[in-house]
Structure formats: structure tokens, C-alpha cells
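In what follows, a single structure is set out as C-alpha cells and then discussed.
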Amino acid sequence: MNKMHVGKESAWLLPDAIEEVLPPAASQLERLRQSVLEICALWGYQQVMPPAIEFLESLLSGSAHDLDLDTFKLTDQLSGRMMGVRADITPQAARIDAHQLKSAGPTRLCYTGTVLKTRPDGLGNSRNPLQMGAELYGHAGVESDIEVIALMVQVLQAAGAKDLHIDLGHVGIFRGLVEDAAQNADNETRLWDALQRKSTPDLQVLMGELSLGKQQRDWIAALPDLNGGPEVLDEAQIRLAGAGAGVQQALSALLAITDAVSRWLPEVTLHFDLGELRGYRYHTGVVFAAYVPGRAQELARGGRYDSIGAVFGRSRAATGFSTDLKSLLSLNDAQPPVPAAIAAPWQEDAQLRQQVMDLRAAGEVVIWMLPGHEFTPTTLGCNRKLTLTTDAGWQVRPV
């Protein structure tokens, strides 16, 4: 008896970190989705709609292999092969660019769609976000990074974001220092882990164990301290002076991006953290994330991930960003629109039906008041109703 009772009680419950969107938020979300896609279209980004499920080897190929733990897996009953529900649309867009479109020049793609994760990215995050993103393929210069950052800012501002802060970093700095120190992949991972944990004592002990030279230790040890405003880049040029070409190229790229973003988007605050290595195995250049004050979680993230299409037969430069549109709904504190529907009585009247069709064709919401229910126009969300007049037929009147 208790088991049956518990079953009925829990039948309507959703899994942890899985949510649905109800009225009126669902309509607001759809309007936001359409508005951000229109912004992308005005920038020349073409929309794609990848499938929600693919063969596993396609979803997790190359640098997307890091998504393995986030991906729900199942067996295809038609082929017997393993399939995965997408946890990120970015690798799918890269497959489309490399294998389907095969353009010789830059390609700009955008998308929206639900993804599913086995675990949330962070505390309070969703496992079924409505991902929106834009990707630019085929251009390796900082100009495409600047374009993508500027597009991301416009999308977030359209969603209601104010006082945006952008965190900037570059994985090429740490990667260049490790290459200069001739460390193997295992030691690189250990150094990366210590930096990610912001553990300076552990980092010092580890560098001692790896027998790094003093200059190399000083360079790597400087990374956790190099965070703050644009002045950090000046300090980095001093503290990393003499480091290899990869490090210097990464710093030059950050300086160029900073100069452009400061001119294009003077209202945006820039912050730098050269020890931040989010997506280190995935990204190859600049990395960035957008925040607003009072909100710990990032609004959007992105960066450069060159060569992502190599596994699909075409190694292409690539940069882009993504966000969860559902999480952006809370940015807009505007009140929902006042109901503006029209109630129509349920009657067998040809003129009434024609009037309803004409009103809907003109963009009005018309709701039939079905018989057998005690609904009033107001309870249906209507502020007007169709009323039969003796001289002018059916007319729209205030409730």
C-alpha cells in the first residue's frame, strides 16, 4: 500500500536538475530564442539544427572526448551501435562545417537546442539547458575572436544583461611554458591540476620534484598572481619576459583583443586571469567567460578551439561561444505583458466565425469560451470580448 502511494506521489516528479518551462516563461523563452537568432543572422551567422542524438564516436571524437562522462549513452536498436544524447552542440557544428558544408573560406554558424548532461556543470545548474551558440570557422586571427566576443555581448545585452564583466585568459601561455620546460603529458597534467586548484604550495612542491630551472619555476609560479584588470598584461610582459615564442604570441593576442574590445565595447569591464585554464584540453587559444555582478555562475563562455574538425577530415581554425537561454531569462526583470486576448462566445454563427478568423489574421489572440465551463473572459486572460450589437454585428468591446 505504501509503495503504491509513493509511486503515485512521485510519478509527476522530474529528475534532479531537470526542469520544464511553463507559461508565461515558455513564451518569453521562445521570444528570446528568436531574437538572439535574428541578431546572429544580422552578423551573417547561418542557423543549423543538428540532431539530438548521434553515434557515440561522432559525438566524442577528438577534443570532444572530454564530454564522455557528461553524455548519456544507449544502444541503437537498428544498427546495434552505441549512440549518445548530445551534451554539447559545439562538436556537432564542427562536424557540419568540416564534413557537410566544406567551405573554403570562413563559415559562420549559429544554433539553439536542448542538450542533456549526466551531471550539472555547477551548483544550481541545469542538466537540460537550452544551449545557444555561435561558431566561426576558417579564420585563425584575433579578429574572429574579437567578432565572437562582441556578438556574445550583444546577445547577452539583448537578454537583459547589464554591467557585463568578461574574464579573459589564454591557454597558450601555460602550454608554451610547459613546452619550453620539455615536460611530458603526465607532468603537464599535474602542473595544470595544481594551477586549477590555485594551490601555490602544491605547485612549488611539484615544480621542485620536476627539477625545473629557476627561471622556468618563476614563470609558472607567476601565473596564479597574474589576475586583475588590464594592467595584468603589462605585469605579465615583465614577469614572463624571455619566455618562448608561444607565450609571447599568446600575450600579443590578448593585448590585441583587449585593445579592440575596449574600443568596441567601452561599457564592458575586462578582467584577466592567466592562471585560469578552463577547457584546457579542448581550447587552443584565448578563453573567455561573461558575468554580471551578484551572480556567481557565468552567463556564457567561449574561446578558440582550432583543429576541432581534423577528426572529420578537415582541420579548421575555430572560435565561438555558447550560453544557456533558460538561465538568461532571469536577467530581464520586465513585467510579463498584460493579457491582450479577445474572448469569443461559442455560437453557431457564420459571421462570428469569420470575425474570429479576421481578428487572428490581423495578429489578435482570440479564445473561444467553450460551453459547460464557468470561465469568464478575465480568467481566460482576456481583456476584451466579442459582443453582438444590433446595429454593427459582432464588435470587440472591453471586458
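The values are calculated or read from the model by the stated rules, or taken from the named source; none is laboratory data. Quick caveat: nothing in here was measured; it's all calculated off a predicted structure. A quick note on method: Cβ atoms are made from the backbone with ideal geometry, for glycine too, and the neighbour counts reach across all protein chains shown. Accessible surface areas use protein heavy atoms only, side chains included; no ligands, DNA or RNA. Shrake-Rupley method; radii C 1.70, N 1.55, O 1.52, S 1.80 Å.
Between amide H atoms placed 1.01 Å from N, distances below 5 Å from V365 occur with I342, all of them 5 or more places distant or on a separate chain.
Near R127: Cβ cut-off under 10 Å, other residues only, Lys/Arg at +1 and Asp/Glu at -1. The net charge is -2.
Calculated from DSSP H runs of 4 or more alone, at -39500 (n - 2.57) each and per residue, what is the 222 nm mean residue ellipticity of the chain, nearest 500? Walk me through the numbers on the way to the answer.
Values: 13 runs with 140 residues, N = 399.
Rounded to the nearest 500, it is -10500 deg cm²/dmol.
When the Gaussian network model of the chain links Cα atoms closer than 10 Å, the mean-square fluctuations of D167, D234, D88 top out at D234.
Determine one quarter of the surface area of the Cα convex hull of segment 162-308, which equals its mean projected area, and express it in nm² to one decimal.
Numbers: hull surface 36.3 nm².
The number I arrive at for segment 162-308 is 9.1 nm².
For the chain, modelled as a Gaussian network with Cα springs under 10 Å, which listed residue fluctuates most, E231, E209, E188? Largest GNM mean-square fluctuation: E209. Left without a cysteine partner by the 4.7 Å Cβ rule in the chain: C382.
Roughly what percent of Cα-Cα pairs across segment 52-92 reach past 17 Å? Show your work: numbers first, answer last.
Values: 159 of 820 pairs.
That fraction is 19 percent.
Give me the Debye-computed log₁₀ of I(q)/I(0) at q = 0.13, 0.17 Å⁻¹ for segment 270-399, equal point scatterers on Cα only, no solvent, two decimals. Those come out to -0.69, -0.93, one per q. Less than 10 Å Cβ to Cβ from R384, Lys/Arg counted +1 and Asp/Glu -1: what total charge do the surrounding residues give? Charge balance in the 10 Å sphere: +1.
Beyond 14 Å, how much of the Cα-Cα pair distribution for segment 330-399 remains, as a whole percent? Don't skip to the end; give the middle numbers.
Values: 1485 of 2415 pairs.
When every Cα pair of segment 330-399 is considered, 61 percent fall beyond 14 Å.
Build a GNM of the chain with springs between Cα atoms under 10 Å apart, and of K214, K198, K162 the one that fluctuates most is K214.
Candidates G228, A245, S262 compared by Cα position along the dipole of segment 207-266: farthest toward the positive end lies A245, with charges placed on Cβ.
Eigenvalues of the alpha-carbon gyration tensor of the chain, scaled by 5 and square-rooted, set the equivalent ellipsoid semi-axes at 50, 25, 21 angstrom, largest first.
Computed with a 1.4 Å probe on the full set of protein chains, the accessible area for F375 sits at about 120 Å².
Hey, what's the per residue convex hull volume over the C-alpha atoms of segment 121-196, in cubic angstrom?
On the way: hull volume 13.7 nm³, N = 76.
In segment 121-196, the Cα convex hull volume per residue is 180 Å³.
Considering segment 204-286, its Cα convex hull presents a mean projected area of 6.2 nm².
Show E364, E147 ordered by accessible area, largest first, where the area counts protein heavy atoms only and the probe is 1.4 Å. Mind dumping the intermediate values first?
Working: E364 60, E147 30 Å².
The ranking, largest first, comes out as E364, E147.
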